[in-house]
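Input: a single structure, listed below in structure tokens.
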Amino acid sequence: MIQGSKQDRNRINLSLTNGSYEIVIKSDGLNEAGKELINAGFKPGTKVLLVSNSEINKHYGDVCLNSLQSEGFKAEKIILEAGEQNKTPKQISLIHDAAYKYQLERSSLLIALGGGIVGDMTGFAAATWLRGIAVVQIPTTLLAMVDASIGGKTGVNHPGGKNLIGAFHQPSLVLIDPKTLETLPSRELRAGMAEVIKYGIIKDPILFKKLEEIPNLNNPSSIDKQDIKDILERSAKAKVEVVESDVKEAGVRAILNYGHTFGHAIETLCGYGTWLHGEAVAIGMVIAGELAVIKKSWKKEDASRQKELIKRAGLPIDLPDIESEKIWDILLSDKKVKDGKIRFILPVGIGKVRIRDDITKQEVMQCLAALR
């Protein structure tokens, strides 16, 4: 099993200049959602709007709502359409309409119960209702638990690209209940593992090595429950360290986008929903690894280790049949472009990456051709 620190591993504090919040990892935590809100400083009687989708609501909506109401919160619920294709401003307006219907005030609270899509949209709605109200993230997918729910990035998609519309809006609490993974489809569990592998590459070589040692990595539901919990803790701590040093992605936080630059291009060009986010990121990491080899900043052996681990996790490693020129055009519209230069996050070793803006179009084309 992965060895963690001796401190309280169930509660991880994220400290920011304008406040802090906890990432709480607790089995059966959904049944204690109301109590955790009180621990986070919210008072009984507060108006709460719980946002979820139909699939998550079927399993956990009433459990969460009952927990809130039993502690005296005035909680209501709204159900959104699931899927990346529905991550649009139109869905945000539905949350705003519900906020108006239930007369949410500046002291009120939005709660995101679901995966990264629900979390991103609920966070953005909270950032824009009454110029900003509180939001709590209760992620139910592995991807959201280790990545999307932590750090305050919110938003929706634009036809020209993923998450081009959004805001930074930190949650007041992140409550992770590992038991919710028991109802998550295997494909989505594997997609979340892509983000875990990412943390191994960018920050935590011990995590990467331990992932290599876990049997049946392509079937996350069979992974030891303690290993899953340790994976959640190590990943959350890795993200917290990065976010604390760069809240609004002015510098080092960009390393969290490892694999995402190419991954977002794949999602956009293939159509939202064709690839799950984690699957596209997995392919993006393979591309970034190959590009680092071309730039002679990463050993071929490390690139092979990364590729093999991604494959063992049951994730795709092959580039879809997309024109390279179209990929380049999407890269130019990416949020991470600065002063007209595309910023790439490339590995220099297992556990360390570097932000580079000296990659030429020719090198990208050479990389894509090599992977075909």
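Coordinate-derived values only; no laboratory data. This structure is a prediction, so every number in the text was calculated from the model and none was measured. For neighbour counting, all protein chains shown are included, and Cβ atoms are generated from backbone atoms with ideal geometry for every residue, glycine included.
Summary of computed values
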item	result
Segment D339-K43, extension gain: residue separation times 0.36 nm, minus the distance between their alpha carbons	102.0 nm
Distant-in-sequence amide H partners of G155 (H built 1.01 Å from N, under 5 Å)	M121, F124, A167
Amide H within-cut-off set for L164, under 5 Å, with H built and near neighbours excluded	H158
Interchain or long-range residues, amide H under 5 Å from V337's placed H	R343
V247-K35 FRET efficiency (beta carbon distance; Förster radius 30 Å; 0.05 resolution)	0.60
Inter-centroid distance (Cα atoms) of the range 73-141 relative to the range 35-54, Å	12 Å
Cβ-Cβ FRET estimate between W328 and Q69, R0 fixed at 56 Å, reported to 0.05	0.60
Sites I206 and S27, calculated FRET efficiency, Cβ-Cβ separation with R0 25 Å, nearest 0.05	0.60
Residues D302, D339, D147, D329, sorted so that the one with the fewest Cβ neighbours within 10 Å comes first	D339, D329, D302, D147
Additional length obtainable on full extension of the chain from I317 to L164, 0.36 nm per residue less Cα span	52.5 nm
Orientation-averaged projected area, Cα convex hull of the range 186-371 (nm²)	9.8 nm²
Which label in (i) 153; (ii) 121; (iii) 175 gives the computed volume of the Cα convex hull per residue in Å³	(ii)
Contact order relative to length of the chain, as percent, for alpha carbon pairs under 8 angstrom and 6 or more apart	15 percent
Ranked T154, T360, T180, criterion: other C-beta atoms within 10 Å, fewest first	T360, T180, T154
Per-residue Cβ neighbour rank within 10 angstrom, fewest leading, L50, L269	L269, L50
MRE, 222 nm, helices only [DSSP H, n ≥ 4, -39500 (n - 2.57), over the chain, to nearest 500]	-13000 deg cm²/dmol
Beta bridge orientation in the chain: antiparallel %, DSSP, nearest 5	40 percent
Extension gain, L94 back to R131 (0.36 nm per residue minus Cα-Cα distance, nm)	11.6 nm
Karplus-derived 3J(HN,Hα), 6.51/-1.76/1.60, for each residue of the range 30-42, Hz, glycine and proline x	4, 5, 10, 4, x, 5, 5, 5, 5, 4, 7, x, 7
Percent RCO, i.e. relative contact order, over the range 186-371, from Cα pairs under 8 Å lying at least 6 residues apart	28 percent
